[in-house]
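A short worksheet on the structure shown next.
The values are calculated or read from the model by the stated rules, or taken from the named source; none is laboratory data. Computed from a prediction, not measured in an experiment: that's the story for all the values here. Here the Cβ positions follow ideal geometry from the backbone for every residue, glycine too, while neighbour counts run over all protein chains shown. Areas reflect the complete protein model, heavy atoms only, side chains present, ligands, DNA and RNA absent. Shrake-Rupley method; radii C 1.70, N 1.55, O 1.52, S 1.80 Å.
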Amino acid sequence: EEGLSLGGDHVTTLQFGFLRCHLPDLRAADYAHSANIAVRILTALMDYPNTPEARVRVYGQAWQGLLALEPDPDQLFKYLGIIQTYLKLNAAERQLYNRLYPQEKRRMNQLAERLIRRGRQEGRRKGRQEGRQEGVLDGRQQTLAEQLAERFGPLDEAVTRRLASASLDELKLWSRRILSAQTLDEVFQLQ
């Protein structure tokens, strides 16, 4: 246990003890079924074999933990974003994940669709899109979101917001780029 004390020469304003933990020293497999949501998320930072199968298992088990432990869809996306920040699956690993975790993939897609619907509703409330153009944009947003999720995995909240606020020209450009892009970032890169 370590401690931290904040204050000046004569007054201590804050003092507490804490346990220090170096995550790479812990084995992810030992925490794969933890009932603690933070631990499940942090398995992405723990030690595991650097093989596609092991990476997919750590990712899949972390996501399973989120689904089991967190009922709020908004929080699920925030937590999933943390996992994806520290453990990005490549295209081959994503395919393996889709085979090994079909129910979890389906749940990710459902949550992405929910966020897209919410983004559309917020856009309508703000009066951003009107009439026929709104229907065209919504359809393109939905289609592009489905294509991106299928190609690169679940979309985080930032990407969903970006799609919801995109112009028709941006959606057309991104729809063309998805055909050759190797990463999600390549779809949205500036030129």
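Some points to look at:
- Qualifying residue in the stretch 3-26 (condition: surrounded by 13 or more Cβ atoms within 10 Å (Cβ to Cβ), of a type in the set (Lys, Arg) and touching a residue at least 12 places away in the same chain (Cβ under 8 Å)): no
- Within the stretch 70-122, being farther than 16 Å from Thr160 by Cβ and aromatic (Phe, Trp, Tyr) holds for Tyr86, Tyr97, Tyr101.
- Here is the figure for the stretch 1-34: residues that are among the acidic types (Asp, Glu) and touching a Lys or Arg at 6+ places or on another chain (Cβ under 6 Å) total 1.
- Residue pairs whose Cβ atoms lie under 9 Å apart, separated by 6 or more positions or on different chains, with the first residue in the stretch 76-94 and modelled with pLDDT under 90 and the second open to solvent by 70 Å² or more (accessible area, probe 1.4 Å), are Leu76/Arg107.
- Qualifying residues in the stretch 137-146 (those that are open to solvent by 60 Å² or more (accessible area, probe 1.4 Å) and over 16 Å from the mean Cα position of the chain (by Cα)) - the one modelled with the highest pLDDT: Thr143
- Residue list for the stretch 54-100, filter: over 16 Å from the mean Cα position of the chain (by Cα) and either closer than 15 Å to Phe152 by Cα or acidic (Asp, Glu) (or both): Ala92, Gln95, Leu96, Arg99
- Residue match in the stretch 32-39 (condition: of a type outside the set (Ser, Thr, Tyr) and under 28 Å from Gly119 (Cα atoms)): yes
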